[in-house]
Amino acid sequence: MRSRRPSLTLRATLGFALVAMFSVGGAGLYLYESMQQTVMLRSDHAVLARLDHFRKLLRYDLTLEKLQSSPQLFENMLDSEEDIFIIGEPGKAPVISVNPLHAPLPDMPIASQDRALNDADLRSGMSLEGVPLRAASVQVMSGGTEVRLQAAHLMVKEMAMLASMRNRIIAAATLAFVITALLGYALLRRGLRPLRRMAEHAADITPARLDSRLDSHDVPLELHQLSDAFNAMLDRLADGYQRLTQFSADLAHEIRTPIGSLMGHCQVALRQTRSVDEYQALIASNLEELERISRLVESILFLARADEAQAVLERQPLDLEQESQRVAGYFEGLAEERELLIHTTGSGTVNADPVLLRRALSNLVANAIRYADEGSEILLRVSRHEREWLIQVENQGPALAATALARLFDRFYRGDASRHQSSDSNGLGLAIVAAIMHLHGGRVEVTQPVEGQIRFTLGFPE
Ligand SMILES: Nc1ncnc2c1ncn2[C@@H]1O[C@H](COP(=O)(O)OP(=O)(O)O)[C@@H](O)[C@H]1O
Ligand SMILES: [Mg+2]
């Protein structure tokens, strides 16, 4: 079983949901922190304000005896169970002690009566139930006696409020995660619909339906590139496929003609008894036909191998002057038959496969001899131009139309219908030249520098 990467939709939604959760949670945490600070500050101020108030009362108005005689008066002045207040002479049992939860007070510095109270006088502690408290203590002279006041605030309500806020933050963050995940998943699935459509489309394409294309207007911007590349790939495939089909059709056609003529000759010969001479002539002509087929098959095999880049190049430095003279010499006889002169000029060296280079050059010279105007000259020129070694084969001949020029290197293309029957013309010569140049990383080109002159150029990169 092939292991698959987790779905893009799932991963993206999960990512977004986590981001949403952390942002909501982070904002909540920030609010929580500032709220906690405010609440603490308020409770601290209340403790200090109370101490200050009673310090003044005891100093100027109230005495400890008076307070002792009516403690209710005092107790009523406190708000709730959460406040602790203890008044008494130091070292003696307190006169008043309001501490309903019996929370122990921490050790505190004792502020003198003249000093203004501030945050530094407060200490933190903890009730028996584990509720935090803040406490402070002052001392005052009241009617000649030393009186100590201790006040504290238990943060029961505050803690409950903060706890509830914490729960809300957790709930909000969870909700943000869930909602973003659900919505994100739905939206992404919708957004990725064009991708699924593309996949379905691609699945529908068969060799018989290579003409079908994706509709680029219909897809989002991000997929344009993909759909364009996909369509371009289909273009190339359709083109390659079409050429392949054409090639096999041409091939069948090419082979059918010589085989048909072979069969015809044999059938005619068999109708009656022939002389030995006649049989010999028949076999000789059949052999010629078979050689033609064999050459054709060999050429096609070569092209097929070159297509798959299977042909192994055995490169070596080649003297181009020598090579062109060698080919010119080889074709001298044929050229004389048509009263043609072959000239060679220039020199240079390229790294190439000798067999293939000679083959390419021979194909060009053979063409030049076949298609040149009788009695004209053929020129083989070696030169160097812009980091390239050029071998040019030029001949005089009838002007070719631009459309014909463009098709010269196509497989089985033959220009002049009247020459079709020529036994060594199969329309593959130039296709082989192009394939050889391609294998060498070079190029081939045909031009007509002036009317009635045709020039083939082989370019080898340095
Ligand atoms: N030197 C040339 N001058 C004029 N036409 C040429 C020349 N070389 C090739 N051609 C044209 O290109 C066609 C293809 O050439 P090629 O592939 O060698 O096939 P073939 O020579 O077997 O016909 C030829 O049929 C001919 O029409
Ligand atoms: Mg040829």
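The values are calculated or read from the model by the stated rules, or taken from the named source; none is laboratory data. What you are looking at is a predicted structure, and each value in this text was computed from that prediction instead of being measured. Counting neighbours? That spans all protein chains shown, and the Cβs are built from the backbone with ideal geometry, glycine included.
Which residues, taken from the range 107-125, are closer than 13 Å to H153 by Cβ and surrounded by 15 or more Cβ atoms within 10 Å (Cβ to Cβ)? Walk me through it before giving the result.
Applying the first criterion (closer than 13 Å to H153 by Cβ) to the range 107-125 yields 122-125.
Answer for the range 107-125, where residues must be closer than 13 Å to H153 by Cβ and surrounded by 15 or more Cβ atoms within 10 Å (Cβ to Cβ): L122, R123, G125.
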Practice problem: Name the one entry in R338, R359, R295 that is within 16 Å of ligand 2 (Cβ to nearest atom), in the same structural domain as L430 (by TED's automatic domain parsing) and farther than 24 Å from Q448 by Cβ. | Solution: R359
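Condition check ((1) in contact with a helix residue (DSSP H, G or I) (Cβ under 9 Å, 6 or more places away or on another chain); (2) within 14 Å of ligand 2 (Cβ to nearest atom); (3) closer than 20 Å to R338 by Cβ) across all residues:
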position	(1), (2), (3)
E374	no, no, yes
S383	no, no, no
E386	no, no, no
G397	yes, yes, yes
S425	yes, yes, yes
H440	yes, no, no
R443	yes, no, no
Practice problem: Six or more apart or on different chains, Cβ under 6 Å: which pairs go from a residue in the range 379-400 that's closer than 17 Å to I369 by Cβ to one that's away from ligand 1 (no atom under 16 Å from the Cβ)? Could you list them? | Solution: L380/T344; R381/T345; R381/G346; I391/V382
Self-check item: Unmet criterion (only one of (1) modelled with pLDDT under 95; (2) within 15 Å of ligand 2 (Cβ to nearest atom); (3) within 49 Å of the chain's Cα centre (by Cα)) for A406
Solution: (2)
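So, in the range 335-371, exactly how many residues are over 24 Å from A435 (Cβ atoms) and hydrophobic (A, V, I, L, M, F, W, C)? So that I can check it myself, show each step before the final result.
Start the filter on the range 335-371 by keeping residues that are over 24 Å from A435 (Cβ atoms), which leaves 335-347.
After this cut, where a residue has to be hydrophobic (A, V, I, L, M, F, W, C) as well, the list is 335, 340-342.
Count: 4.
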Quiz item: How do the pairs read when you match residues in the range 152-174 that are assigned by TED's automatic domain parsing to the domain that holds V39 with residues anywhere that are loosely packed, with under 13 Cβ neighbours inside 10 Å and not in a helix (DSSP H, G or I), using Cβ under 8 Å and keeping only pairs 6 or more apart or on different chains?
Solution: L154/E81; V156/E81
Exercise. Only residues in the range 102-122 that are closer than 12 Å to L133 by Cα count as the first member; pair them with residues that are at pLDDT below 90 and part of a helix (DSSP H, G or I), Cβ under 8 angstrom, at least 6 apart or cross-chain, and list the lot.
Key: none
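Could you identify the single residue in I432, I391, I378 that is surrounded by 17 or more Cβ atoms within 10 Å (Cβ to Cβ) and over 22 Å from P449 (Cα atoms)? Steps first, answer last, please.
Details: I391 fails: over 22 Å from P449 (Cα atoms); I378 fails: over 22 Å from P449 (Cα atoms).
Selected residue: I432, the only one of I432, I391, I378 that is surrounded by 17 or more Cβ atoms within 10 Å (Cβ to Cβ) and over 22 Å from P449 (Cα atoms).
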Practice problem: Name every residue in the range 229-244 that is touching a residue at least 24 places away in the same chain (Cβ under 8 Å) and touching a Lys or Arg at 6+ places or on another chain (Cβ under 7 Å), in order of residue number. | Solution: L234
